[in-house]
Amino acid sequence: MRKGVCVALVGCVLIGGGMASAPVLADADEDIRYRKLQMSTMGGSLRAIMSIAQGKLDKSDDFAALVNQAAAATALHESAFSANTDGQGSEETTAKGSIWENWEDFSGRLTKLNAGMQAAAGAVNDGGSTEDVVAVLKDQVFVNCKSCHDDYRTK
Ligand code: HEC
């Protein structure tokens, strides 16, 4: 009985939260551009990191800085995605409105991605080898990309 009341109350709180309309943003386009900047900074840095690791890009002196650059961008993802821009702005975006309807799930995935990226930065800053860093990226970072894009991007 008591449990039933709790469940009902939690249900009410959740329904209330879900129905609250998204606040109108000062400039939704700036929010959209900002989160794309952080995603593409991480993605571009990771691409360069892998090109160096595979010997395609002769920039091994930049390796540690690139890992830290990717980590700095990833640490800003939760803030970058926090503004619900659904239905606002004219800047091109592939972000689905379901991100903010399922914020706990979405931000949880960002937390997991960030934990992996910070672990890679920790490895490089502790003097780990290129192979060590790539192993962390493969185990804890790249595994997160596709599933989230599949669920939360329009294409
Ligand atoms: C928690 C979900 C999530 C994870 C994990 C995630 N992304 Fe994204 N990513 C998104 C969403 C949502 C967008 C669309 C942003 C927009 O268009 O407003 C996006 C967009 C991008 C873009 C395009 C940015 C632009 O300029 O339009 C790149 C590149 C990208 N992600 C790379 C990655 C890579 C690489 C990984 C893994 C290392 C990754 N993402 C992991 C959700 C995620």
Given a Förster distance of 30 Å, the FRET efficiency implied by the Cβ-Cβ spacing of Glu101 and Asp62, rounded to the nearest 0.05, works out to 0.15
Percent of Cα-Cα distances greater than 17 Å, calculated over the range 27-152 | 57
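What 222 nm value per residue comes from the helices of the chain, counting each DSSP H run with n ≥ 4 as -39,500 (n - 2.57) and dividing by all residues, nearest 500 deg cm²/dmol?
Details: 8 runs with 104 residues, N = 155.
The helix-only estimate for the chain comes to -21500 deg cm²/dmol at 222 nm.
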What's the tally of Lys pairs in the chain whose alpha-carbon atoms lie under 27 angstrom apart, where the two lysines are 8 or more places apart or on different chains?
-> 20
Percentage of interatomic Cα-Cα distances in the range 86-153 larger than 19 Å | 46
With charges only on Cβ, +1 for K and R and -1 for D and E, what is the dipole size of the chain about its Cα centre, in debye, rounded to 20?
-> 460
Near Asn125, within a Cβ-to-Cβ distance under 15 Å, what is the net charge of the other residues, with Lys and Arg +1 and Asp and Glu -1?
-> -3
Length-normalised contact order of the chain in % [C-alpha pairs under 8 Å, at least 6 apart] = 24
With the dipole of the chain defined by +1 on each Lys or Arg Cβ and -1 on each Asp or Glu Cβ, the option from Ala70, Gly128, Phe142 whose Cα lies farthest towards the positive pole is Phe142
Which of the helices in the chain meet the span-like rule: DSSP H, Cα axial reach of 15 Å or more, Kyte-Doolittle mean at least 1.0?
-> 2-19, 63-75
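We did not get these values from a lab; they are worked out from the coordinates using the rules stated. No experiment lies behind these values; they were computed from the predicted model shown. Please note: Cβ atoms are built from the backbone with ideal geometry, for glycine as well, and neighbour counts cover all protein chains shown.
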